[in-house]
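Down below is the structure, laid out as C-alpha cells.
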There are 2 protein chains.
Amino acid sequence: MEGSPRRTRIQQEKRELILEAALEVFSANGFRGSTIDQIAEAAGMSKPNLLYYFRRKEDIHETLMQRLLDTWLAPLRELDDIGDPLTELRSYIRRKLEMARDFPRESRLFANEILQGAPRIMPMLEGELKTLVDEKANVVKGWMRAGKIARTDPWHLIFSIWATTQHYADFDVQVRAVLGPDRGGDGRFEDAARFLEQLFLEGLKPKE
Amino acid sequence: MEGSPRRTRIQQEKRELILEAALEVFSANGFRGSTIDQIAEAAGMSKPNLLYYFRRKEDIHETLMQRLLDTWLAPLRELDDIGDPLTELRSYIRRKLEMARDFPRESRLFANEILQGAPRIMPMLEGELKTLVDEKANVVKGWMRAGKIARTDPWHLIFSIWATTQHYADFDVQVRAVLGPDRGGDGRFEDAARFLEQLFLEGLKPKE
DNA sequence: CAAAATTTTGACCGGTTGGACAAACGTTAG
DNA sequence: CTAACGTTTGTCCAACCGGTCAAAATTTTG
C-alpha cells in the first residue's frame, strides 16, 4: 500500500498553479501542440522550476486527466432509478449543459484526447466508462419496459446527450460565430437548454 | 485577375497524393502535432521533395481546409423549401451521418481546427457559414410558422444535428469503446440513424 | 543563529522540426 | 544529341523542445 506522496504546503500550491495553467494551455493547443515553456509562463515560473514539481510533461497531462475523469462522469453517476424518468433525464441534460458552460476547458481537454484516438485513456474508456454507461443504459431500458419513456436505443441516447451538450463547449467559437454578436452572448446557454429540453422530451413533431 | 497557377500533370498528381497523406496525418494528430516528415512518408516521398510542391506546412493545411469547407457544407446547402419539412430534415440528418461515416478524417480535421479556436477559418465562420445557416434557419422558421413542425430555435436545431452526427466521427473511439466489440461494429451507424430519426422526429415522450 | 532541507535559476544538451539550397537526375522539345 | 525545363535528393541550418544538472537563493527546523 502506498499513500500519496507527502508534500509541503508550497508543493501543494505550486502544483495546483501548474495544473491550472496546464489546463488552459493543453485545452487550447492539445498535448503535442503545447510546450512546457508555455505552461511555465502561464503559471508564472521558469521551465526548470516547473520541472521540479512535475518531472515530465506527460505527468502533468496524466494528473489533469485523472482529475478530469472523476468530475466528468459525475453527472451520469447521479442519474438513477428513483424519481420520474423524464425528470431524471431533463436533470441530466441540464447538468451536462452546465458543465459545458462552467468547465469548457475540461471539455476541450477531453475532446482533444478522444479526437487523437484516446491514446492515454483507452483502458479507462473500455473499463470504467463502458461499465458505467452499460449500467445506466439498463436503468433507461427499465424505464422503457415500464412504458415511462419511448422505446429507443439507450446507448445512442446517452451519446446524443453527450454530443449536444459538449458541443457548446468544444465548438464554442463556431456557435458564437454563427449566432452573431447579438444572440451569441451569455444567453446562448439558456436558449440551448430550452431547445434541448424540447428536443429530447417532445421531438419535432407538430403539436395537434 | 489571377487564375490558378498552371501545373504539369505530375504536379497535379503529386499534390493530390500529398493532400491525401496530409489529411490522414493532420486529422489524427492536429496541425502542430503533425510533422512534414510524417506527411512525406505517408505520401511516399522525401521531405525536400514534398516541399517542392508545397513550400510551407501551412500551405498544405490551408489547401486542405479550403477544399473541406465546400464539401462540408454541401448537405446543408441541399436543405430547401420544396418537399415535406420532416422528410427534408430526415434527409439532412441522414446525409450528415453518412458524411461522418464516409469522411471521418475530414470531420476530425474540422473538429481539430474549431477546438483550437478556428484561427485559420474564423472569417469563413463569421461570413459564409453564418450566412448559410441564417438562410436555412429562416427556411425552418417558415415551416414552423406554417405549423409543419414544432416551434423551437432553428439555430440550435442545426447545432444539435451537427453535434449528434459528427459525434460518430469525432468521438469514434469512445463510441466503439462503450458499445464494445459486438455492438461497436459496422452496424453502429444504422443504429445511430434509427435512433436519431426517432429523436428528432418523435422525441422521447411515450406513445399513448 | 546555523545547519539542513527545500526551492529557484541559468547554463547546457541531444534530438527534432520546418525549411533552404545546390547539385544531381530525369524528361521533353528542338 | 543537346539544351532547357521539371523533378528529386543529400546536406545543412537555425530555432525549438523536453529535459538535466549543479549551484545559488530561500525557507524550515533544531
All but one of (1) within 16 Å of DNA strand C (Cβ to nearest atom); (2) surrounded by fewer than 18 Cβ atoms within 10 Å (Cβ to Cβ); (3) within 14 Å of chain A (Cβ to nearest Cβ); (4) assigned to a helix (DSSP H, G or I) hold for B:I10; state the number of the condition that does not hold. (3)
Pairs under 7 Å by beta carbon, first residue within 14 Å of chain A (Cβ to nearest Cβ) and within 8 Å of DNA strand D (Cβ to nearest atom) in the range B:42-55, partner open to solvent by 90 Å² or more (accessible area, probe 1.4 Å) and of a type in the set (S, T, N, Q), six or more apart or different chains? none
With respect to the numbered conditions (1) open to solvent by less than 10 Å² (accessible area, probe 1.4 Å); (2) away from DNA strand C (no atom under 16 Å from the Cβ); (3) among the aromatic types (F, W, Y), which one is the sole condition not fulfilled by A:F103? (1)
Within the range A:81-92, is even one residue surrounded by fewer than 19 Cβ atoms within 10 Å (Cβ to Cβ), within 14 Å of chain B (Cβ to nearest Cβ) and closer than 19 Å to B:Q174 by Cβ? no
With respect to A:D70, is the statement that it is away from DNA strand C (no atom under 16 Å from the Cβ), open to solvent by 20 Å² or more (accessible area, probe 1.4 Å) and part of a loop (DSSP other than H, G, I, E, B) true? no
Of the criteria (1) open to solvent by less than 40 Å² (accessible area, probe 1.4 Å); (2) more than 8 Å from DNA strand C (Cβ to nearest atom); (3) away from every other protein chain (no Cβ under 14 Å), which one B:I36 fails: (2)
All positions within the range A:160-194 that are at pLDDT below 95 and among the basic types (K, R): A:R183
Can you tell me which residues in the range B:73-83 are more than 13 Å from B:I158 (Cβ to Cβ) and either in contact (Cβ under 8 Å) with a residue 12 or more places away in the chain or part of a helix (DSSP H, G or I) (or both)? B:A74, B:E78, B:D80, B:D81
Condition set outside any loop (DSSP other than H, G, I, E, B) and more than 13 Å from DNA strand C (Cβ to nearest atom), scope the range A:39-61, selection nearest to the chain's Cα centre (by Cα): answer is A:H61
Checking B:R120 against (1) within 16 Å of DNA strand C (Cβ to nearest atom); (2) not small (G, A, S); (3) not assigned by TED's automatic domain parsing to the domain that holds B:W155, the condition it does not meet: (3)
Of the listed residues (A:L64, A:L19, A:L23), the one being touching a residue at least 60 places away in the same chain (Cβ under 8 Å), closer than 25 Å to B:G117 by Cα, more than 14 Å from DNA strand C (Cβ to nearest atom) and more than 14 Å from chain B (Cβ to nearest Cβ) is A:L23
For the range A:81-103, how many residues are basic (K, R) and touching a Leu at 6+ places or on another chain (Cβ under 7 Å)? 1
Residue identified as more than 8 Å from chain A (Cβ to nearest Cβ), open to solvent by 40 Å² or more (accessible area, probe 1.4 Å) and under 17 Å from A:V175 (Cα atoms) among B:E113, B:E197, B:E135: B:E135
Considering B:A100, B:A40, which residue is of a type in the set (A, V, I, L, M, F, W, C) and over 30 Å from B:M144 (Cβ atoms)? B:A40
Taking B:G83 and the conditions (1) away from DNA strand C (no atom under 12 Å from the Cβ); (2) under 20 Å from the mean Cα position of the chain (by Cα), which numbered condition does it fall short on, given that it satisfies the others? (2)
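The values are calculated or read from the model by the stated rules, or taken from the named source; none is laboratory data. Fair warning: this is a prediction, and the values are worked out from it, not measured in the lab. Please note: Cβ atoms are built from the backbone with ideal geometry, for glycine as well, and neighbour counts cover all protein chains shown. Ligands, DNA and RNA are excluded from the accessible area calculation, which covers all protein heavy atoms including side chains. Shrake-Rupley method; radii C 1.70, N 1.55, O 1.52, S 1.80 Å.
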